[in-house]
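Asks: Got a structure here, written out as C-alpha cells. Questions coming.
Derivation of every value follows stated rules applied to the coordinates shown; laboratory data play no part. Keep in mind the model is a prediction, meaning the values are calculated, not measured. Glycine gets a Cβ as well: all are built from the backbone with ideal geometry, and neighbour counts include every protein chain shown.
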Amino acid sequence: MPLVPVADLKSYIGKELGHSEWLTIDQNRINQFAECTGDHQFIHVDPEKAAKTPFGTTIAHGFLSLSLIPVLMEQIALAPEGLKMAVNYGLDSLRFIQPVKVNSRVRVSASVMDVTEKNPGQWLLKAKVTLEIEGQAKPAYIAESLSLYFV
C-alpha cells in the first residue's frame, strides 16, 4: 500500500490506482462463506442443482464478492503517511452486474473519486471499485467504496 503525504491526498482525485492480483473463487471459499452467513441457497452450494440453472454452475454470493474489497484493495490502495488505522466507512452505491461463477478469477481495479477531511486527522476516501472477472467483458460489480483513514 503506497503511503503518500496527507497534503498530497487530494491530488489523487480522478487517478487510477491500478489492478490487484487475480484471485480464484473456488467452491471451498463459496462453501465457507455460506457457513459463515447461513446463506446455503443451492445456486451457491449445490453443483448438481446449479448446473440446471441459466448459470450452468454454482456462483459466488454477491456479498462474498463484495467482501473481497479489503483484501484486494490492500494491494493497490493509497494511504496517508502516519496512518494509525483505516476503517470501512460503507458504500455510496453498488451494482451487481453479473455473477462470479465457481473457479473464476477476479481482481479489483480502482480509481479515487473524492478525498475529504471529515475532522482533523480523519480523511474520507471514496473510490470507484470494479470487480473484474477474467475473460468477461462485464464486471461482477461496480461500487463506490468509502474508507476512513485516521492519521
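Asks: For the chain, give the magnitude of the charge dipole about the Cα centre (Cβ charges: +1 Lys/Arg, -1 Asp/Glu; no others), in debye to the nearest 20.
Replies: For the chain, the charge dipole is close to 240 debye.
Asks: So, one more: What are the trypsin sites (Lys or Arg not before Pro) within segment 1-70 that DSSP puts in a loop, where the Cβ has at most 15 other Cβ atoms within 10 Å?
Replies: Loop-located and lightly packed - LYS15, LYS52.
Asks: If you don't mind, there's one more thing I want to ask. So if each residue of separation counts as 0.36 nm, and I subtract the Cα-Cα distance between TYR89 and THR37, what length gain in nm does that give?
Replies: Gain on extension, TYR89 to THR37, equals 16.6 nm.
Asks: Still on this structure, please answer the following. As I understand it, the value is the acute angle between the Cα axis of helix 27-37 and the longest principal axis of the Cα atoms of the chain; what does it come to in degrees, rounded to 10?
Replies: 70 degrees
Asks: Return the Rg/Rh value of the chain, two decimal places, where both radii are evaluated on C-alpha atoms and Rh is the Kirkwood radius.
Replies: Rounded to two decimals, Rg/Rh equals 1.04.
Asks: In addition: What residue among ALA79, ALA140, ALA50 has the largest mean-square fluctuation in a Gaussian network model of the chain, using Cα springs under 10 Å?
Replies: ALA50
Asks: Also: Under 8 Å for C-alpha pairs, at least 6 residues apart: give me the relative contact order for the chain, rounded to a whole percent.
Replies: Over the chain, the number comes to 30 percent.
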